[in-house]
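Everything on this sheet refers to the single structure shown next.
The values are calculated or read from the model by the stated rules, or taken from the named source; none is laboratory data. Source: prediction; values computed, not measured. Glycine gets a Cβ as well: all are built from the backbone with ideal geometry, and neighbour counts include every protein chain shown.
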Amino acid sequence: MRPQTMPREEGRDAAMTSAPANGNNAGPPQQQVPGGLPPQHVVRRTRIGGMWIAAALFALVLLLLLIFILENGQRVNIGYFGAHGHLPLGVALLLAAVLGVLLVVIPGTGRIVQLRITARRHRGIDARRPADTQAASVQQAEGSEPDQS
């Protein structure tokens, strides 16, 4: 079954998507986005919108962790390298999970820092490269001979 499309309306709504009256059509013709909306009516995702989604998911995870801790309140004996103590089971499991995440995050952060330093060093080398060398490398990449004037 094909979706029905609305007939093009004349008047005020048509003026919003038509070419300028002075004949100055600076851009390419507008493409219709799937769903029938012109591109200027489509709202793109933003970083703030992504942060709202992340905050909502984070709050949901915290709520689930709180429920987990409250339901696992039995006291257990914990021993680690000679240190002994008593903790609620939910807290002990959460602590173990957090320490496990730190075992992954700390080396990962070191690697990211290492890669950023290397990238910064390469950007500096590329910036110091003479302009004619860059132009020759661009022309070689395009498959043409460099100008010899």
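Structural remarks
- Pairing each residue of segment 75-91 that is touching a residue at least 12 places away in the same chain (Cβ under 8 Å) and part of a strand (DSSP E or B) with any residue that is surrounded by 10 or more Cβ atoms within 10 Å (Cβ to Cβ) and charged (D, E, K, R), provided the two are 6+ apart or on different chains, yields C-beta distances under 9 Å for Leu87/Arg75; Pro88/Arg75.
- Single match in Leu66, Leu57 (criterion: at pLDDT 90 or above and within 31 Å of the chain's Cα centre (by Cα)): Leu57
- Of note, Ile48 does not satisfy the criterion of being at pLDDT 75 or above and closer than 30 Å to Leu95 by Cβ.
- Meets criteria (modelled with pLDDT under 85 and surrounded by 10 or more Cβ atoms within 10 Å (Cβ to Cβ)) for Gln114: no
- Residue within segment 123-134 that is outside any helix (DSSP H, G or I) and surrounded by 10 or more Cβ atoms within 10 Å (Cβ to Cβ) present: yes
- Restricting segment 117-149 to residues that are modelled with pLDDT of 70 or more and among the acidic types (Asp, Glu) leaves a set whose member that is farthest from Gln74 (Cα to Cα) is Glu142.
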